[in-house]
1. If you check C:K323 against the conditions, is it away from chain D (no Cβ under 11 Å) and within 18 Å of A:G52 (Cβ to Cβ)?
2. Run down D:V163, D:V110, D:V151, D:V101 and say which single residue is out of contact with any Asp or Glu (no Cβ under 9 Å at 6 or more places or on another chain) and crowded, with 21+ Cβ neighbours inside 10 Å.
3. In segment C:178-208, how many are surrounded by 17 or more Cβ atoms within 10 Å (Cβ to Cβ), in a helix (DSSP H, G or I) and either within 11 Å of chain D (Cβ to nearest Cβ) or modelled with pLDDT under 95 (or both)?
4. Would you confirm whether or not segment A:286-299 contains a residue that is at pLDDT 95 or above, closer than 21 Å to A:I179 by Cα and open to solvent by 20 Å² or more (accessible area, probe 1.4 Å)?
5. Just to be sure I understand, how many residues within segment A:114-129 are more than 15 Å from A:I221 (Cα to Cα) and touching a helix residue (DSSP H, G or I) at 6+ places or on another chain (Cβ under 8 Å)?
6. For A:D143, which of the numbered conditions (1) surrounded by 23 or more Cβ atoms within 10 Å (Cβ to Cβ); (2) closer than 30 Å to A:I279 by Cβ; (3) modelled with pLDDT of 95 or more fails to hold?
7. If a residue must be over 19 Å from B:V187 (Cβ atoms), in contact (Cβ under 8 Å) with a residue 24 or more places away in the chain, touching a helix residue (DSSP H, G or I) at 6+ places or on another chain (Cβ under 7 Å) and not aliphatic (A, V, I, L, M), how many such residues does segment B:317-347 contain?
8. Consider only pairs whose beta carbons are under 8 Å apart and that are at least six residues apart or on different chains; among these, list those whose first residue lies in segment D:197-225 and is at positive phi and whose second residue is open to solvent by less than 10 Å² (accessible area, probe 1.4 Å).
Number of protein chains: 4
Amino acid sequence: MKKAKVAIFGASGYSGEELVKRLAQHPLVELCCLTSRQYAGKKASDVFAWIGRRSSLTDLEFTEPDVPSLSALGIEFAFLALPHGVASEFAVPLLAEGIKVIDLSADFRVKDPQVYKYFYKHEHPAPGLLQKSVYGLPEAYRDQIRGAKLVACPGCYPTSVLVPLLPVLRAKMIRLSSIIVNSLSGVSGAGRKADTDLLFVECNESARPYGLPSHRHLSEIEQELSNAAGEPVIIQFAPHLIPLSRGIITTIHADPVPEMTAQSLEELYETAYGSEWFIRLLGSNRYPDIKNVVGTNRLELAWRVDPRTGRAILMSAVDNLVKGAAGQAIQCLNIMNGWDEALGLGI
Amino acid sequence: MKKAKVAIFGASGYSGEELVKRLAQHPLVELCCLTSRQYAGKKASDVFAWIGRRSSLTDLEFTEPDVPSLSALGIEFAFLALPHGVASEFAVPLLAEGIKVIDLSADFRVKDPQVYKYFYKHEHPAPGLLQKSVYGLPEAYRDQIRGAKLVACPGCYPTSVLVPLLPVLRAKMIRLSSIIVNSLSGVSGAGRKADTDLLFVECNESARPYGLPSHRHLSEIEQELSNAAGEPVIIQFAPHLIPLSRGIITTIHADPVPEMTAQSLEELYETAYGSEWFIRLLGSNRYPDIKNVVGTNRLELAWRVDPRTGRAILMSAVDNLVKGAAGQAIQCLNIMNGWDEALGLGI
Amino acid sequence: MKKAKVAIFGASGYSGEELVKRLAQHPLVELCCLTSRQYAGKKASDVFAWIGRRSSLTDLEFTEPDVPSLSALGIEFAFLALPHGVASEFAVPLLAEGIKVIDLSADFRVKDPQVYKYFYKHEHPAPGLLQKSVYGLPEAYRDQIRGAKLVACPGCYPTSVLVPLLPVLRAKMIRLSSIIVNSLSGVSGAGRKADTDLLFVECNESARPYGLPSHRHLSEIEQELSNAAGEPVIIQFAPHLIPLSRGIITTIHADPVPEMTAQSLEELYETAYGSEWFIRLLGSNRYPDIKNVVGTNRLELAWRVDPRTGRAILMSAVDNLVKGAAGQAIQCLNIMNGWDEALGLGI
Amino acid sequence: MKKAKVAIFGASGYSGEELVKRLAQHPLVELCCLTSRQYAGKKASDVFAWIGRRSSLTDLEFTEPDVPSLSALGIEFAFLALPHGVASEFAVPLLAEGIKVIDLSADFRVKDPQVYKYFYKHEHPAPGLLQKSVYGLPEAYRDQIRGAKLVACPGCYPTSVLVPLLPVLRAKMIRLSSIIVNSLSGVSGAGRKADTDLLFVECNESARPYGLPSHRHLSEIEQELSNAAGEPVIIQFAPHLIPLSRGIITTIHADPVPEMTAQSLEELYETAYGSEWFIRLLGSNRYPDIKNVVGTNRLELAWRVDPRTGRAILMSAVDNLVKGAAGQAIQCLNIMNGWDEALGLGI
């Protein structure tokens, strides 16, 4: 089968690096271009120590981001692993050149520019594209992703929150105002930034809540929950930083509307995700664990119904850099090309 | 001032070791006896590598637990750092000998033997003592601790949950059925047990919920919350294991009843804890962090009122082995003796 | 191409699990049998949480080790991930049945049963096989591995020590009595044992030398160094335990005999390893780092010649469970079958 | 007893913070002044989250470093926790004002300005003071520290290397050219710098050698070893970064000159350190462990003589921020004042 020519913008951050690592081994991808302002002119193998000398990447060099030259190279897909606000600068000309864009930033996730402004504190830089983007959560938008030109991949927290909640909201099984989400994230979620708060000594033997009560990811979480519920949903969201490199645990509490049981949740999830490659249903006896999903594109999902309170407890685990970022983006690429959805993503 | 003669039962576990370390430096304590079935006959300095040769402990030997011999030694206080179910075996004869007992196990925390049985899965071994014990949370029961013969020190999670919630419940500021507690604990909370689930490789780069939905600590948490509220309180409690040695972060969500503000919480907490040595009020802008309390007897307390949901968010951090165990027990000892409450506890 | 039928003995330890994970994705392997006395009768997917339900492993069950039944299944290769002393019990009947054995234990690494006894403290259980085994370090014994019936895979430390030293000894470039090796190992090197010394709390924020001065791995290290040197070699070896899950760093000091330079080492290593898939030469400016080899079958190799002392410093990094165990074993399997040496090993 | 008035320059780094923490509890110290260009004008309790509101530090503010104002305050001792090159800028005027200086930087450790220049790559800023400073290792220079006006506290690695080696060199028990030192250090040794190499994600699950072959600490190590030996000593030194916050393990190999035995080392160390408060002799069966010294001013020391090679192996553990920095500086302060050497240092 013909390989697709692919570029990665912002290839030197954690999500970018994960994209490089996985796309380099993807059997139907030709990785043609890595951009990085910081490393332009350097060989990828001098920046990423894991690139062996027999790798196809050994001689690839980082370049300055330059859209017209990509077009000349015959690039068909561009992944944007750039900060929010910067991604849209490149998405506009890339789309104009006919290059499909898979954006890992927050720029095209939220449909309403007012909501974007509320959470991101600046005007949306390309509001005209918002309605054209597809939210890149395959388990919810597979059909739309198939024909999309601009995919906005979900954030890491949103992936861990939406997969458990969407089926429950579609089935109107919980009281909407009762949703309380607690999440724990590894430190790579904050990116590769020279910030003293992210130093080893500051994060090791440390755990702390942060971003309360209005973390930016609420914008896309509530948008998608509202879509699923058919009415506006406002939730409580408490993220925490914990001392590990990768991974998210999310624990959700909500009051059921009807007589919910562990069994009814089992049936709901089996119907929703029973044929999904990357959702692992753990049921009502096991627990998700970050160590079981790190390095994979899987999301683990478990649930309980508390006999004492009647409340539902939904739990998930993902690797924030894989199912929460690069892996999910590649899953979208596979869908856009009509390929096996697991290509390049292991098991 | 005359020193008090003290024994520690079960001195080789994590809480026991922390007691040894701190009581050895307590200016008004003479540490006379360490019991450990595992190490009986061994010198403490052969078991605890941190004991320097000039320490007063250098020549102290572990002994088999033997109540009559303690009495002969003139022991006035016995700390029990034993598993639940075992502690009460010793508490009964110790009290009969006139030795005051500061128990770190769960045996005397819950007043109702039926509740104990529900959560601990066996009959209470000494129900007659339940009404005589005082719950050893100085910030709530200082006066009763002063005259107590049997103090039941709170568990680590309960300390982190009760300190934030008790004043709020006493002031009837939240809807009782709305309390949702998420906690993150370091691995020492599980004790020094040769269990493969607690191996370094299994806990490192791992995070996981556990004990849902009926963790044993709910028994004492709900008892104390009910006392504060004046009516039965049932809460949701989701503990998680995270990869650090010591410390707990607790994040509590609840719906306020009246018009609660960050300012009203500030006033409430200032009144409740403004003169407490070991409660650090962080207010509504800062976050608690495990690394700031590890090795101390302090509890950090912060709060938010979410303008979008109206909900209150209360956050705390403690060292599970200090304010959550050994430190709190020593704080109780100081109170029982009328000493400066911070003796032997640093600041 | 026809797939090879494979069994793994002792599949539930860390090395065994790594074999399962990788062989399940090997394109020319059919994983037919996992033995584990502890888990016999359980499904692999109930023991290994990472097995997704679409994996080929989902329905595989652990069995009791039983050699005759393997033969009936048409098994051609058996990997032994068993403790030393136990592996040889199975190797003998497996070989008798015509099944090739790739042993990850120490049982067949040392040719001299007296040396085995000195370091392992018991008589060798099957001395007759010692001369028939091939030491499974492909970079040194590729030709012999190709035709072997019994491969004894090197230990994790030996791999990290031998790859840097063998070419230097063959070229007679260092004074043999001057070799001093320091190694740092992650905790998985000690295996999945319910031992309090391996608990998270005991290993976290801890680092310590151990096994001095006669660690068992010296037996195979010195045997292979002596072979390379053509005369007996005795070295100094200081292993240390450090707080990470996987990986080894080895730093070797030795006095050069002739005028050694960084350049002459570069040429030596380029000749020895320039065409090796899994040896990454870092040269005399970069440093090996565990995080760059974890999860890979690569060994990173760097060197310096100290202008002040004249001494050579050789440094390596490997993942103890991959190039130091399961990955190397699979590399041997590929060689024994004449397959591409990197099959199932990523890059 | 009258308290000594003390200032800390550079109080916001890791060593500075450790000084603040410990001097705040020192019974004979009045901590009058904390300087920090970064935090000047801020309250110490806003920068250091561990400062409780009842601490004597609660109202202390960071100031710009200003020597004349210190003099007016009656400051008698200044601790310099500043980068090398900066410390000497302040030492000169402080000494001129009659304020005694305890310097934690490298500025006054090396007596020979040429050696300083070789290792630190710039001219020494105040060569005239070099001969006046005393090397602040109490176990070697207690008498000189007593009367010193300028104490140059040893680096963290040098402390861990010199304590084991000095007695052996004084007794001429090893061949001088044979000394090979391997050290492992926690990440705080690199200071609180916003450097991507020190990020949690870059250091976690990572271990790596660095600074080979000419780490700066060699300058003072070799100076002191040469003094002890009475002739020039050149050693090999290989530092490594390992994933923990604090602590150093050092493992030293050397060839004995006479018939050295574990027993003769025992006698040597017992004579040298038998009456030292902060040296813990572990003998020839136990191993030092970082977790046993973290938070203490102790150095653990163990040794072996290898019967196979005849070589001596010396091992030590220290907390780099305590015995390797702030604790040792306070030990010097106690000596300079004729106080109990353990004041403010726990046991």
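1. Yes; evaluated as a whole, the condition is true for this residue.
2. D:V101
3. 6
4. Yes; the residues of segment A:286-299 include at least one that is at pLDDT 95 or above, closer than 21 Å to A:I179 by Cα and open to solvent by 20 Å² or more (accessible area, probe 1.4 Å).
5. The qualifying residues number 6.
6. (1)
7. Counting residues in segment B:317-347 that are over 19 Å from B:V187 (Cβ atoms), in contact (Cβ under 8 Å) with a residue 24 or more places away in the chain, touching a helix residue (DSSP H, G or I) at 6+ places or on another chain (Cβ under 7 Å) and not aliphatic (A, V, I, L, M) gives 5.
8. That search, which allows pairs on different chains as well, returns D:E205/C:L244; D:E205/C:G247; D:E205/C:I290; D:E205/D:P243; D:G211/D:P239.
The values are calculated or read from the model by the stated rules, or taken from the named source; none is laboratory data. Bear in mind the structure is a predicted one, so any value in this text is a computation, not a measurement. Quick reminder, even Gly has a Cβ in these numbers, built from the backbone with ideal geometry, and neighbours come from all protein chains shown. With ligands, DNA and RNA removed, areas are computed over all heavy atoms of the protein, side chains included. Shrake-Rupley method; radii C 1.70, N 1.55, O 1.52, S 1.80 Å.
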